[in-house]
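Heads up: the structure comes next, in structure tokens.
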Amino acid sequence: MGKLHKRRKGYSDEELDEDEEIEEEESGEDDEEEDEDGEENDEEIEEDEEEEEDDEEERRAYRRRRRIRNQIISYLVIFFVAVGIAVGAVAVGRSVASSVSRKRQEAELEKELEEAAKEEEAEEEIVIDTPESVEEEKEEDILGDTAKKFYSEMPIEDKVAGLFMVTPESVTGVTVATQAGEGTQKALEQYAVGGLIYFGQNIKDKEQITEMLSSTAAKSNYPIFLGVDEEGGDVSRVANSGIDVTEVGDMAAIGAGGDASAAFNAGETIGSYLKEIGFNVDFAPVADVTPEGVESALGNRSFGSDPQAVGEMVSNAVNGLEGTGVSACLKHFPGLGSTTDDTHKGRVEIDKTMEELRAVDFVPFSAGIEAGADFVMVSHATAPAIDEELPSSLSKKVITDTLRGELGFEGVVITDALDMSAITEYYTPEEAAVMAIEAGADILLMPQDFEAAYNAVLAAVQDGTISEERIDESLDRIYRVKCAEKIGETE
């Protein structure tokens, strides 16, 4: 068998070398037989060639199968790689989306935490430095929500009636009201007035006035103001009625004493007996400054002539009064102390420049407002330095621009009694009522003709002259005070 053939048959190099040596040793012996075996060798060669061709064909077939197999494997690998990439892309996409969403949520959470931390820090700072402001802010939120529940669902007729504070006689039609019975019930159902004011004629004794106020409050569909002029001294409807209460004297004497704590004590004393009887509004203290040497129309009702000293007295009186749960009312803005004429009898003019008003008359009002007075009463006096034409109670320049805008008062603005000659000689009840609301007043006190004034304001709202939103603004201020009283009673 040839060496090449042997190698193709799988012989190793060592086996080939051994065969070659053997062939060389036997070459001599084989020479003699070469001729005999020639034909056989040729046949073997042909067979070897055929075998080689068969082997070559097998190898080709093998290579072809291997190539096909490798291609199939490659395609499968490519397919699975592609599937893996696609799945991975989806997973990555989901992961990226999830990561983005998670990061967004984390960012939002972090932002909320930062804001919460800032709010907490702010609250901590407020609690440490000014705990009163936190308490006031929380109370304000409660008051706003509670107040809105009352007036938001009111019919417009009740809303308008809620802007009036009148005598019990004005709504019941009786000559002198000393009790609250069925007549009061029907009257308050027809006219849901915001408040009632009582005078000496309505007070017979402590038991009678206490029962009357309690019954009136029970018959009203809404919380109601029950007010009285109880300044101390001459203007004291309760103390001067014969009821056994502690009298505090007039404010001029307290002011002359120079002890502001006496003003606090006076306010607290008055507030205590008013609260016990059932009143919740006191038209006091007087915040007017009476100059020395001037025979003021206010007499001994003012604390004195020094604006700063009067301001301190007023502030203390407000604190003493409102500490009992009775609302204080500063009067008579922008200041009647320097006038010698009486608005009950006719037109009165405040002859002062704006600088003088700011330096003198506004000082006690600012002090009382800062002390937290719930009400400010605006007088009918004309102040040409602010408004040359209109009485202060009907002037937007006085009420909205000056009292609210300049002095920053956010409470209830009430007019002085609209049945005074300073108003009735120049304006009808209808005109005065509408003008006062347009000017910014919240409560109209004692119009000359209540029904006429009420119908005029209602008509003005219905025809769009006055918006319902404007009425709601006043009701919001009114019910914040009323609800504060209710909240105070439950604490």
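The values are calculated or read from the model by the stated rules, or taken from the named source; none is laboratory data. This structure is a prediction, so every number in the text was calculated from the model and none was measured. Backbone-built Cβ (ideal geometry, glycine too); neighbour counts: all protein chains shown. Ligands, DNA and RNA are excluded from the accessible area calculation, which covers all protein heavy atoms including side chains. Shrake-Rupley method; radii C 1.70, N 1.55, O 1.52, S 1.80 Å.
Kindly list the residues of segment 423-446 that lie in the label zone of E389, defined by a backbone N under 15 Å from the point 7 Å along the Cα-to-C-beta vector. Taking a point 7 Å out along Cα→Cβ of E389, the residues of segment 423-446 whose backbone N falls under 15 Å are 427, 432, 435-436, 438-439.
So what is the accessible area of segment 134-251 per residue, in Å², with the probe set to 1.4 Å? Mind dumping the intermediate values first?
Numbers: 5560 Å² over 118 residues.
Using a 1.4 Å probe on heavy atoms only, each residue of segment 134-251 averages 47 Å².
Evaluating 6.51 cos²θ - 1.76 cosθ + 1.60 at θ = phi - 60° for every residue in segment 191-205, the Karplus couplings come out as 10, 7, 4, x, x, 10, 10, 10, 10, x, 5, 8, 10, 9, 7 Hz, glycine and proline recorded as x. Projected label points at I156 and Q185, each 7 Å from Cα along the beta carbon direction, are separated by 3.1 nanometres.
For each pair in K148/K206; K275/K345; K331/K397; K149/K186; K186/K331; K186/K482, compute the distance between the two Cα atoms and list the pairs where it is over 26 Å. Check vs 26 Å cut-off fails for K148/K206; K275/K345; K186/K331.
Pairs of Cα atoms nearer than 8 Å and 6+ residues apart set the relative contact order; for segment 158-201 it is 58 percent.
Using only Cα atoms, locate the centre of segment 211-245 and the centre of segment 432-462, then give the distance between them in Å, rounded to an integer. Value for the Cα centre distance between the two parts: 24 Å. Distances between placed amide hydrogens fall under 5 Å for S327 paired with V281, D282, all partners being 5 or more residues away or on another chain. When a 1.4 Å probe is rolled over the protein heavy atoms, the share of accessible surface on segment 269-350 that falls to carbon and sulfur comes to 41 percent. Gain on full extension, evaluated as 0.36 nm per residue between E425 and E370 minus their Cα-Cα distance, stands at 16.3 nm.
Considering only the other residues whose Cβ falls under 15 Å of the Cβ of T184, what net charge follows from Lys and Arg at +1 and Asp and Glu at -1? All intermediate terms of the calculation are to be shown ahead of the outcome.
Working: positive: K186, K219; negative: E169, E182, E189, E211.
Its environment carries a net charge of -2.
By per-residue mean of other Cβ atoms within 10 Å, what is the highest-first order of 228-234, 144-150?
Numbers: 228-234: 21.0, 144-150: 15.1.
Highest to lowest by the protection proxy: 228-234, 144-150.
Shape analysis of segment 343-487 places it in the oblate category; the axes a ≥ b ≥ c from the Cα gyration tensor give an a/c of at least 1.5, with a/b not above b/c.
If you count only protein heavy atoms with a 1.4 Å probe, what accessible area per residue comes out for segment 266-313, rounded to a whole Å²? Mind dumping the intermediate values first?
Details: 1730 Å² over 48 residues.
On a per-residue basis, segment 266-313 sits at 36 Å².
Sorting 258-264, 298-304, 192-198 by their mean Cβ neighbour count within 10 Å, with the most densely packed peptide first, gives 192-198, 298-304, 258-264.
At a 1.4 Å probe, what is the % contribution of carbon and sulfur to the accessible area of segment 363-491?
Here it works out to 42 percent.
Averaged over its residues, segment 317-364 has an accessible area of 38 Å² per residue, based on protein heavy atoms and a 1.4 Å probe. Between I350 and T382, A383, the built amide H atoms are under 5 Å apart, and every one of these is 5 or more places off in sequence or on another chain.
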